[in-house]
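Presented below is the structure to which this report refers.
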Amino acid sequence: MSLIENPEHARRLARAIISDVAIYNREKVERGIKEDTIFDLLENELEEGRQHFLSRVSPGLAGSKIFDLAIVDVLIKRAGKIESPIW
């Protein structure tokens, strides 16, 4: 399997990975947003997702902020309707 070199394809991959993390960990996401502990609660899942992302993209894209931006866009922004002291 060849590595992804197209930034748009890498963004889609990152968003898909984070979407899966959010779907399979709904309770942790909700509690993490409410308590401002989301990164602690999902530390293992996010690291596993990051490693999967890094294994699929070219070294040039691996050093980018694509995965981190996907966390914000997919995980954090979508949870905006959850009551939290962080908003």
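The values are calculated or read from the model by the stated rules, or taken from the named source; none is laboratory data. Since the model is a prediction, treat every value here as computed from it, not as a measurement. When we count neighbours, we look across all protein chains shown, and the Cβ atoms used for this are built from the backbone with ideal geometry, even at glycine.
Among the residues of the stretch 28-47, which ones are among the acidic types (Asp, Glu), modelled with pLDDT of 95 or more and more than 10 Å from the chain's Cα centre (by Cα)?
Once the filter is applied, which keeps residues that are among the acidic types (Asp, Glu), modelled with pLDDT of 95 or more and more than 10 Å from the chain's Cα centre (by Cα), the stretch 28-47 yields Asp40, Glu43.
Would you check if Ile23 is over 11 Å from the mean Cα position of the chain (by Cα), aliphatic (A, V, I, L, M) and within 15 Å of Gly80 (Cα to Cα)?
On the way: over 11 Å from the mean Cα position of the chain (by Cα): yes; aliphatic (A, V, I, L, M): yes; within 15 Å of Gly80 (Cα to Cα): no.
Considered against the rule, which asks whether it is over 11 Å from the mean Cα position of the chain (by Cα), aliphatic (A, V, I, L, M) and within 15 Å of Gly80 (Cα to Cα), Ile23 comes out as no.
Condition first: touching a residue at least 24 places away in the same chain (Cβ under 8 Å), closer than 24 Å to Met1 by Cβ and part of a loop (DSSP other than H, G, I, E, B). Can you find one or more residues in the stretch 32-52 that meet it?
no
What is the number of the single condition among (1) under 20 Å from Ala10 (Cβ atoms); (2) exposed (fewer than 11 other Cβ atoms within 10 Å of the Cβ) that Asp68 does not meet?
Asp68 satisfies every listed condition except (2).
Answer yes or no as to whether Ala10 is among the hydrophobic types (A, V, I, L, M, F, W, C), at pLDDT 90 or above and either touching a Ser or Thr at 6+ places or on another chain (Cβ under 9 Å) or assigned to a loop (DSSP other than H, G, I, E, B) (or both).
yes
What are the residue pairs meeting all of these: first residue in the stretch 1-26, first residue in contact (Cβ under 8 Å) with a residue 40 or more places away in the chain, second residue polar (S, T, N, Q), Cβ atoms under 9 Å, and 6 or more apart or on different chains?
Leu3/Ser55; Leu3/Ser58; Ile4/Ser58; Glu5/Ser58; Pro7/Ser64; Ala10/Ser58; Ala10/Ser64
Looking at this structure, is Ser19 in a helix (DSSP H, G or I) and either touching a Lys or Arg at 6+ places or on another chain (Cβ under 9 Å) or not basic (Lys, Arg) (or both)?
Yes: the conditions hold for Ser19.
Mind checking whether some residue in the stretch 13-35 is over 19 Å from Ala79 (Cα atoms) and not hydroxyl-bearing (Ser, Thr, Tyr)?
yes
Condition (residue is touching a Leu at 6+ places or on another chain (Cβ under 6 Å) and at pLDDT 95 or above) applied to the stretch 58-79: is it met by at least one residue?
Yes, some residue in the stretch 58-79 is touching a Leu at 6+ places or on another chain (Cβ under 6 Å) and at pLDDT 95 or above.
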